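The values are calculated or read from the model by the stated rules, or taken from the named source; none is laboratory data. No experiment lies behind these values; they were computed from the predicted model shown. Heads up, the Cβs are rebuilt from the backbone with ideal geometry, glycines too, and the neighbour counts pull from every protein chain shown.
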Amino acid sequence: MCEHAFKRHRRLRASNNMRALVRETQLSKDDLIYPIFVVEGSTVKNEVSSMPGVFQVSLDYLTEEMKELVRLGIRSVILFGVPQEKDEVGSQAYESTGIVQQALRQLKHEVPELTLIADTCLCEYTSHGHCGVIHDNDVENDASLDLLVQTAISQAEAGADIIAPSNMMDGFVKAIRTGLDEAGFINIPIMSYAVKYASAFYGPFRDAAGSTPQFGDRKTYQMDPANRREALREANSDVEEGADFLIVKPALSYLDIVREVKDQFNVPVVAYNVSGEYAMVKAAAANGWIDEKQLVLEKLTSMKRAGADIIITYFAKDVAQWLNE
Ligand code: PBG
């Protein structure tokens, strides 16, 4: 008889209990980092038009927002600043009175149970919107590093628990590690945006942070989406320079890269589920074209299955709510 001619895979899918028993990947609130946009001024809570459910908030609303996050069970946030004044050299990124520095001091004091991650970049603070200083129409690497180091140190002084440099200058991890160590912050880890592509998926973020480049694009410093081996060179130099975490960004179209980085390096891997990935889901859900909850849980589970240990996502609050149900 042909009784054993084929395998019965459906045996392990027969019930909820059976599926739970054999499930290989779990999504947990502990894995999630929530991005927040802190804006100068008072009584501001502006919804970002391309990101329904995401707000720019001023300091007087920030503590309440963050307490809600903690109530839901999310314990890590990454902060982005939206300053009132911008200049050529992005000085509001590293002033001790910068908006992110103020937010860090406030949250360290008022919501001490949160892990505070500072995005360390200049593009939200420069008048031209690039991630460093401009010379001959290009971003000058080494001069930008000095400002990035100053930014990291002032964020650590203000209470950042993790420094997350995102400007993609060569040598940024080494420069920041040296700077932090010399300033006495030997125990502050670096979560490097090691593998960051020049991606069209960042559009809505640039609305939220007001950081669209005023000329040109970011292709001389962010990576070409066509490249995989280059991602490993980037990750490798960051690990050698002292990165404690590696971020791959964006997430969804780059899950092959997440897997590759996970297999080749022994540090925690972070997938950044970026603004465009969020906006697309929200737009489709608003039209009734997809089931938002099922889709978001599926996407984030796929990121973990691909190898992400941690996910930065604007959906963190929703996911926490769903997991609490
Ligand atoms: C800063 C930075 C960006 C994002 C995170 N940090 C913007 C960019 O590189 O243009 C994008 C995040 C998102 O799209 O959600 N350099």
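Across segment 6-49, what is the number of residues that are more than 24 Å from TRP322 (Cα to Cα), assigned to a loop (DSSP other than H, G, I, E, B) and in contact with a Ser or Thr (Cβ under 6 Å, 6 or more places away or on another chain)?
3
With the checklist (1) closer than 27 Å to GLU241 by Cα; (2) away from the ligand (no atom under 16 Å from the Cβ) in hand, flag the one item ILE290 doesn't pass.
Every condition holds for ILE290 apart from (1).
Pick from segment 58-71 the residues that are surrounded by 17 or more Cβ atoms within 10 Å (Cβ to Cβ) and either within 14 Å of the ligand (Cβ to nearest atom) or touching a residue at least 24 places away in the same chain (Cβ under 8 Å) (or both): which of them is farthest from LEU104 (Cα to Cα)?
LEU69
Within segment 270-297, how many residues are closer than 22 Å to ARG75 by Cα, part of a helix (DSSP H, G or I) and not small (Gly, Ala, Ser)?
Within segment 270-297, residues that are closer than 22 Å to ARG75 by Cα, part of a helix (DSSP H, G or I) and not small (Gly, Ala, Ser) number 4.
Go through the residues of segment 104-114 one by one and say whether even a single one is more than 19 Å from the chain's Cα centre (by Cα), part of a loop (DSSP other than H, G, I, E, B), under 19 Å from LEU147 (Cβ atoms) and not polar (S, T, N, Q).
no
Charged (D, E, K, R), more than 23 Å from GLN264 (Cβ to Cβ) and modelled with pLDDT of 95 or more: is that true of ASP146 in this structure?
yes
Would you mind finding the one in GLN92, GLN101 that is away from the ligand (no atom under 16 Å from the Cβ), crowded, with 20+ Cβ neighbours inside 10 Å, farther than 28 Å from LEU323 by Cα and modelled with pLDDT of 95 or more?
Exactly one of GLN92, GLN101 is away from the ligand (no atom under 16 Å from the Cβ), crowded, with 20+ Cβ neighbours inside 10 Å, farther than 28 Å from LEU323 by Cα and modelled with pLDDT of 95 or more, namely GLN101.
How many of the residues making up segment 159-203 are closer than 22 Å to ASP142 by Cβ, β-branched (Val, Ile, Thr) and free of Cβ contacts under 8 Å to residues at least 60 places away in the same chain?
Summing the residues that are closer than 22 Å to ASP142 by Cβ, β-branched (Val, Ile, Thr) and free of Cβ contacts under 8 Å to residues at least 60 places away in the same chain in segment 159-203 gives 4.
With the checklist (1) within 16 Å of the ligand (Cβ to nearest atom); (2) more than 26 Å from PRO165 (Cα to Cα) in hand, flag the one item SER50 doesn't pass.
Status for SER50: all satisfied but (2).
Mind checking which residues of segment 253-262 are touching a Gly at 6+ places or on another chain (Cβ under 7 Å) and farther than 18 Å from SER192 by Cβ?
ARG259
Determine, yes or no, whether SER49 is surrounded by fewer than 18 Cβ atoms within 10 Å (Cβ to Cβ), under 30 Å from HIS135 (Cβ atoms) and touching a residue at least 40 places away in the same chain (Cβ under 8 Å).
So SER49 does not fit the description; no.
Can you tell me which of (1) over 20 Å from the mean Cα position of the chain (by Cα); (2) under 20 Å from ALA209 (Cα atoms); (3) in a loop (DSSP other than H, G, I, E, B) is the one PRO52 doesn't meet?
For PRO52, the exception is condition (1).
Among the numbered criteria (1) assigned to a loop (DSSP other than H, G, I, E, B); (2) within 16 Å of the ligand (Cβ to nearest atom); (3) surrounded by fewer than 21 Cβ atoms within 10 Å (Cβ to Cβ), which one does ALA308 miss?
(3)
Go through segment 168-258 and tell me which helices (runs of 4 or more DSSP H), entirely inside it, have 1 or more residues that are modelled with pLDDT of 95 or more and away from the ligand (no atom under 16 Å from the Cβ).
In segment 168-258, the matching helices (runs of 4 or more DSSP H) lie at 172-182, 229-241.
Yes or no: ALA156 part of a strand (DSSP E or B) and either without any contact (Cβ under 8 Å) to a residue 60 or more places away in the chain or closer than 23 Å to ALA271 by Cα (or both)?
No; evaluated as a whole, the condition is false for this residue.
Modelled with pLDDT of 95 or more, within 30 Å of ALA283 (Cα to Cα) and within 14 Å of the ligand (Cβ to nearest atom), is that true of ILE74?
Here the answer is no, as ILE74 does not meet what is asked.
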